[in-house]
Structure formats: structure tokens, C-alpha cells
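Every read-out reported here was derived from the displayed coordinates using simple, explicitly stated rules and does not represent laboratory data. Nothing here was measured: the structure is a model prediction, and the numbers come from that model. For neighbour counting, all protein chains shown are included, and Cβ atoms are generated from backbone atoms with ideal geometry for every residue, glycine included.
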């Protein structure tokens, strides 16, 4: 693969081929466009740095899924703590930013569709499973490879996620109307 050998035009082709799908997966996992943009950038930096080590044991798309999912989950873990601290800090100072931030966040959440609201009730691991299976259409086997977990763990996460979605869908639908 030319991109693995430093050919920037070839890497640009990889980026153009996969950037939309990486962004969409990141958006579904992170739920916010700004976060998805940052995750997408991190994914392609990682891909660029690790492309030489790609062994072709799986499809490039599967490898990209794995990097995207791992990057998104790590980003959420890291930034959820930071966002909470930022809001607390701004509230303590009484700054205008905090109110704007909360208002902007509420506006963004309101603009998101019902699917995104439903995904918000899930843990990040459950959300990833729903995104990979129901939005991206991966098989259980491919999901297990992407997530690097046993196929029974995939089934279990999907089952719990679907049960959770069924329990909250009426509430979300009522609030949406």
C-alpha cells in the first residue's frame, strides 16, 4: 500500500474514502459534532502513524472501525471528566461562558434526532454496539473483531442496549412531540 510508505496522495485517498464514515461513527458514539471532528482528526493521525504496521489480517475498514471506536471511547472517558470540571469551575466563577455553554449544549441536544437521544441513554460500550450493528450494518463476527471482544460479549451488550432502548423510547417519543 503506497500510503503506508509515505505517499501523501495515497494517504489523501484513504482519508477521502474513509473520513465520512469515521466522522459518522464518531458522531454516533460521542453525540456532538465538535467532539466527532476532534475524534476524526485523532483517528487519522493514528492511522497515518500506524499504517505501516497494518498487517492486512482484516479489511482496512475493520481496522479503521477499531481505531475509531477505541479513539472515541478514550476521548469520552478523558473529556467527560474535563467538561464536568469546566462547568463546575465556570459556575463557581459565575462566568457568562458557563451559561452560554449550557444553553448551547441544550440547543444542540434539542436539534439532534430521536435516534441520537435514544443513544444517549446507553453506555458508550452499548452505544458503539448499536452503531456498529444497526447503523453501520456490521455482522456479530465483524463487531467482535472491531471491538476485540468475544462474540457472546457482543450479543450480551446488544441485548442490554436494546432492552434499555425499549424501556426509554416511550419517554423520548413523548418529550419529542
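If I take every Cα pair under 8 Å that is 6 or more residues apart in the stretch 113-177, average their sequence separation and divide by the length, what percent do I get for the relative contact order?
Dividing the mean separation by the residue count of the stretch 113-177 yields 44 percent.
Run the numbers for residue 151 and residue 125: contour at 0.36 nm per residue of separation, minus the present Cα-Cα distance, in nm.
7.9 nm
Set the Förster radius R0 to 22 Å, insert the Cβ-Cβ distance between residue 24 and residue 77 as r into 1/(1 + (r/R0)^6), and round the FRET efficiency to 0.05.
E between residue 24 and residue 77, to the nearest 0.05, is 0.60.
What FRET efficiency comes out for residue 70 versus residue 12 if R0 is 25 angstrom and r is the Cβ-Cβ distance? Round to the nearest 0.05.
It comes to 0.60.
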